[in-house]
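*Asks:* Before I ask anything, here is the structure I am working with.
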Amino acid sequence: MIVEFPGGETAPCKLRGHKLDVVAGDQVRAERHQGSDEWTVVERLPRRNLLSRSDSRGLEESIAANLDQLGIVVAPLPACDPFIVDRYVAGACYAGISPLLIVNKTDLPAGAGDLSFVDPLRTIGFPVCSVSARTGVGLPDLIDALRGRRTLLAGQSGVGKSSVLNALAGDALRATGRLSERSNEGRHTTVSSAIVRLPWGELADSPGVRDYAPPVVPLPDVQRGFPEVHALAGGCRFQNCLHSREPQCAVRLAVESGALDSRRYESYRRLLNLTRQLDEKRGWKS
């Protein structure tokens, strides 16, 4: 791993012990080996937040720490799974990180893909920036949305996260060293993350994924990843309502009346069920 020191210098460092969990964005304490130029990370300092995911066994995997914003990149092609986008939003909300939707490839012809899932996210207050990493359209507005913040770019493979990062960071990105390698299919794939410091903010890329599941939370807390659901929960008959089959549920009534987007509600239900499944694999109940 590479550590940046207060003066801006960087050096490769080893980790002391296998249990020290360190990811991009962490602040650490490092010690220099006596009589050599080698450094070892001996302590991770407290985090203000952590973006993480669940693996197939329901165990938590750290992605990046001390973020201000999660930039979720989507594009009309290849087609994005809106339920995965919602899970990224939920993961950010669980961690106390602000989500930002970045719609890339706006240079493609109108109707190239279905992005209707973006509108409900915009309606409930999440900021949305539309850009073309290829032509540069929209990049100044995106920079304004990133200004003064540390943002991790995330999203499904092929949406152009690395292209957006390259368009924004340019030479500063290349100065951090090689962050990608060519896969067996011939595509360039991000394999590690690094914080890139720019005059207006800090950026990091993350590996493209086919799927993403946020960390397991107690079932009543799943709704915290869906602010519009959480806002209605106070009107439910039961305080511990999961908005699934309970009577006099304000959330389901809002779906029936059209006040709550039905696809977002279905996304909430899917994440609720996934959380149950991952709970069982972890061996405990919410």
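The values are calculated or read from the model by the stated rules, or taken from the named source; none is laboratory data. Values in this document were obtained by computation on a predicted structure and should not be read as measured data. Every residue, glycine among them, receives a Cβ derived from its backbone with ideal geometry; neighbour counts consider all protein chains shown. To get the accessible areas, we keep the full protein, side chains included, count just its heavy atoms, and leave off ligands, DNA and RNA. Shrake-Rupley method; radii C 1.70, N 1.55, O 1.52, S 1.80 Å.
*Asks:* If packing is taken as the average count of other Cβ atoms within 10 Å, what order do 210-220, 159-169, 232-242 fall into, highest mean first?
*Replies:* So the order, starting with the most tightly packed, is 159-169, 210-220, 232-242.
*Asks:* Moving on. Please enumerate, by chain and number, the lysines with C-alpha under 28 Å from the C-alpha of LYS281, excluding those fewer than 8 residues away in the same chain.
*Replies:* Within reach: LYS19.
*Asks:* For the chain, give me the percentage of DSSP beta bridges that are antiparallel, rounded to the nearest 5 percent.
*Replies:* Given both bridge residues lie in the chain, the antiparallel proportion sits at roughly 45 percent.
*Asks:* Can you put HIS230, HIS243, HIS18 in order of accessible area, largest first, using a 1.4 Å probe?
*Replies:* HIS18, HIS230, HIS243
*Asks:* Note down the magnitude of the dipole of the chain about its Cα centre, charges +1 on Lys and Arg C-beta and -1 on Asp and Glu C-beta and zero elsewhere, to the nearest 20 debye.
*Replies:* 480
*Asks:* Another question, if that's okay. Can you list the aspartates and glutamates whose alpha carbon is less than 13 Å from that of LYS14, not counting same-chain residues fewer than 8 positions off?
*Replies:* Qualifying aspartates and glutamates at Cα under 13 Å: GLU31, ASP37, GLU38, GLU43.
*Asks:* Separate question: How much of the accessible area of the stretch 201-272, in percent, comes from carbon and sulfur atoms when a 1.4 Å probe is used?
*Replies:* 49
*Asks:* Moving on to the next point. ³J(HN,Hα) across the stretch 47-53 via Karplus (A = 6.51, B = -1.76, C = 1.60, θ = phi - 60°), whole Hz, x for Gly/Pro?
*Replies:* 9, 8, 6, 8, 8, 9, 9
*Asks:* Please work out how much length the chain gains when fully extended from ARG270 to ASP119, using 0.36 nm per residue of separation minus the C-alpha to C-alpha distance, in nm with one decimal.
*Replies:* Extending this stretch completely gives an extra 52.4 nm.
*Asks:* Something else: Per residue, how much accessible area does the chain have with a 1.4 Å probe, in Å²?
*Replies:* 53
*Asks:* Putting +1 on Lys and Arg Cβ atoms and -1 on Asp and Glu Cβ atoms, find which of PRO215, CYS236, ALA254 reaches farthest to the positive end of the dipole of the stretch 206-286.
*Replies:* PRO215
*Asks:* A further question on this structure: Could you please state how large a percent of the accessible area of the stretch 50-138 is carbon and sulfur, counting protein chains only and using a 1.4 Å probe?
*Replies:* Summing carbon and sulfur atoms, their accessible area is 53 percent of the total for the stretch 50-138.
*Asks:* Could you work out how much longer the chain between SER262 and SER56 gets when fully extended? Use 0.36 nm per residue separation minus the Cα distance between them, nm to one decimal.
*Replies:* Gain in length upon complete extension: 71.4 nm.
*Asks:* Want the number for GLN34 to SER244: 0.36 nm per residue separation, take away the alpha-carbon distance, what's left?
*Replies:* 69.5 nm
*Asks:* In whole angstrom, how far apart do the alpha carbon centroids of the stretch 85-125 and the stretch 195-236 sit?
*Replies:* So the separation of the two Cα centres works out to 12 Å.
*Asks:* Hey, what do the phi angles of the stretch 114-131 turn into as Karplus ³J(HN,Hα) couplings, whole Hz, using 6.51/-1.76/1.60 and θ = phi - 60°, x for Gly and Pro?
*Replies:* 8, 10, 4, 5, 6, 4, x, 5, 5, 4, 8, x, 6, x, 10, 10, 9, 9
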